[in-house]
Amino acid sequence: MTGEDVRAAPAVGRGLAVLLLTFAGAAAWWPVLGAGALWATPMVALAALVVARVLPARAGLLAAVPWIPASLLLGGLPAAALRPGAWGDTASALARAVDGLTVPARGPVGPDPWPLAGALLLAGVGAVVAAALCRRRTRAWRLVGLLLLALPVVGALALEQTGDAGWPGAAVVAAALLWLSRGRLRTAVPATVAVALVAGLGAQALGPDERWIPFVGAAARKPGFTRLDPSQTYGPLPDRRTGRTMLDVEADAPALWRMQALEEFDGRVWSVARDDVPDLPEPAAETRRATVHVRGLQNRLVVAPGAVTDVQAAGEVRPMWGDAWGVQPGPRPGDTYTVEARAVRATAAGLQDVPVPAAGRYPDYTSVWPQWQWRRSQWPGPGPGRTDGQARGRRPDELTPAQRRWLRSTPWGRAGALAERLARGTRSQLEVVRRVQSYLQDGDRFRYTTDVPQPGPFPLADFLFETHRGYCQQFAGAAAMLLRLADVPTRVVTGFATGRRTGDGRYDVRDSDAHAWIEVYFPGFGWVPFDPTPPGDAEVDASLDLLTPAGAGAGAGGGATAAVGGALVLLLVGGGLVARRRRGREAAAPAGTGELLVRLVPGPVAPSTTLAGLRPRLARLGPAVAGLADEAQRQRFADDGTPSDPHPRLRVWRALRRDVGPARATVLLGRAVLTRDPAERR
């Protein structure tokens, strides 16, 4: 063997070690990333060639530059994520996705492309950087490079992402011995077998009884989401939401997948009513069916598109508290069950004429403690002196002056005054719901976030009057409390949002879709769901919102309908130009995109409200309108001097057409154009 061959032998052995470590890491992450992990093969091969001294280290580092956009596209991200204006959002989304991969026993990423894109980016760049370090002459740098190459497989073991720890450990040992033996297989193979035998026997004799050593402490990392707790805490989330698929649901229509109803409010939290609560008639309910494929959820309670009437599942099926049904033993990942449920079918037009029920007509669904129905005789001071029997069921006009003064000094006095103000001047129950929902979804007043502090003694009152920050628990709980204070029968419901539509009648329901909303009882119809939470992590189908204009003909207009809509827009624009010319020079300038979007928002709009504050309400028309609002907001603060609104009416109509269809888009745009002053919409 020549001197050159002797010098090449260690390099070849290290190149083989690189291939072994990287492919072992890919195999260990296969249960999470799937076959998409194989897209990193070119960069892995390049790193091995760099370590084997076939290619210079500079070649590998240069290849890392085009790999950054290539990895994102191979992971499934759209090309729009690579635009310069989207770099900040893309980086933030990738950071969250990679952080989500560090959840112990995470499970498959599903159809979400962000985790795979982040993994490919780190794998490719990390491999060539590690290869360059392995080319350094200093042993310390070469050791750092070797540890960097072993990080994926060691991380998979520490985070319990693979079900078998034996072969990844053997791969790490074999790579290390191959590295140290300078590529001599006659030395590396027997040594690997000997180390594996000793390690296996030692583990059986001396190892811990538990399957996994807890590399990740429970205090350091929140566990991954596997179970939905229907109870409301109003505090920080106890688990991590990563977008992991919990359920695959097949249904003939989208729905809020109902799990349990919370019908009792004790002044602090909503909970399941333990007493017998009478069922209310639902003449407008119809039967719906759904087939649920369990992927990651471990709840005993089943989910359904309404109030469950029947469940077909493996195991004992029985009704439970809170209008829920459970299966014993609970469904596990891979199981499938079929549910039959009753859900009310209603429209805003049909509900508009339903009046607010008379006070006391539905006491089980309008009582709020400690407003009128007191559980104990605990009035402060000796003044009100009364018995518990005298307190129960007493209305506010029956309270003594001392009792009323005490009530006004509590958080419930402020909540009652707010509910009275929101309901003042209307006899329609739907209008009360609309006002409460609009109040809570005002972006200038409340903000959606899961970063909330530990709750105090009155978490919902704190949310309404102090913090103004929360997620679905706070929004749904506060809405139900305000509606009950306005004598509207309401309850909180927990379960999952619609999720992402993956096909005809199929929905991918993720851990981020865990949700809470409200149901309002309308006499003559039944329980109707409403979602008072602004757009956040959960994905709710827009067709379920009765408080925004329905998308008549959305997505199915065809070319003829689009042509008719375009003709109407031309007539509208032409008529506006003629009217403007007749008014002469004294006429005001035509409304821009931002002003037209403001006019699209139903209800009153404060003069200081920004497009960002109106975005949650615009988002209920559809994603295209919300995106146009974001674009108009950015253009308003642009300083490049270019015109930003060449054809505002056409831009708004196109966005509306994508969201609600051409016919409805034309009606909404015409109404916005003809509205000259925001006061005309109040």
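Can you check what the net charge comes to around GLY456, using other residues whose Cβ is under 14 Å from the Cβ of GLY456 (Lys, Arg +1; Asp, Glu -1)?
Details: positive: ARG268, ARG469; negative: ASP462, GLU466.
Once all neighbours under 14 Å are counted, the net charge is 0.
With a 1.4 Å probe and every protein chain left in place, tell me how much accessible area GLU420 has, in Å² to the nearest 10.
Only protein atoms counted, so the area is about 110 Å².
Using a 7 Å offset from the Cα along the Cα-to-Cβ direction at both ALA95 and GLN352, what is the distance between the two label points in nm, to one decimal?
Each label point lies 7 Å from its Cα, and together they span 4.8 nm.
Protein chains only, probe 1.4 Å: how do PHE23, PHE463, PHE525 rank by accessible area, largest first?
Working: PHE23 90, PHE463 0, PHE525 45 Å².
Order by accessible area, largest first: PHE23, PHE525, PHE463.
Using alpha-carbon positions, what is the distance between the centroids of region 475-491 and region 68-91, in Å?
For region 475-491 versus region 68-91, the Cα centre distance is 43 Å.
Going by accessible area, probe 1.4 Å, with all protein chains left in place, what is the ranking of ILE68, ILE518, largest first? Walk me through the intermediate numbers first.
Details: ILE68 80, ILE518 5 Å².
Solvent-accessible surface, decreasing: ILE68, ILE518.
If you average the C-alpha positions of region 276-328 and of region 418-440 separately, how far apart do those two centres end up, in angstrom?
Result: 31 Å between the Cα centres.
Report the label-to-label distance for SER428 and ARG361 in nanometres (one decimal), using points 7 Å from each Cα along the Cα→Cβ vector.
Taking the two extended label points, one gets 1.7 nm.
Within region 223-259, find all residues whose amide N lies under 13 Å from a label point positioned 7 Å from the Cα of ASP541 along Cα-to-beta-carbon.
249-258
With a 1.4 Å probe and every protein chain left in place, tell me how much accessible area SER543 has, in Å² to the nearest 10.
Per-residue accessible area (SER543): approximately 80 Å².
What is the sum of charges around THR336, taking Lys and Arg as +1, Asp and Glu as -1, for the other residues whose C-beta is under 10 Å from the C-beta of THR336? Numbers along the way, then the final one.
On the way: positive: none; negative: ASP248, GLU250, ASP335.
Result for the local shell: -3.
Taking 0.36 nm per intervening residue step and subtracting the Cα-Cα distance, what contour gain separates HIS647 from ASP444 on full extension? Could you put the intermediate results ahead of the total?
On the way: separation 203, 0.36 × 203 = 73.08 nm, distance 2.87 nm.
Full extension from HIS647 to ASP444 adds 70.2 nm.
What net charge is computed for the residues neighbouring GLN474, neighbours being all others with C-beta under 15 Å from the C-beta of GLN474, Lys and Arg scored +1, Asp and Glu -1?
-2
The values are calculated or read from the model by the stated rules, or taken from the named source; none is laboratory data. The shown structure was predicted, so the numbers you read here are calculated from the model rather than taken from an experiment. Please note: Cβ atoms are built from the backbone with ideal geometry, for glycine as well, and neighbour counts cover all protein chains shown. Heads up: the accessible areas ignore ligands, DNA and RNA and are worked out on the full protein's heavy atoms, side chains in. Shrake-Rupley method; radii C 1.70, N 1.55, O 1.52, S 1.80 Å.
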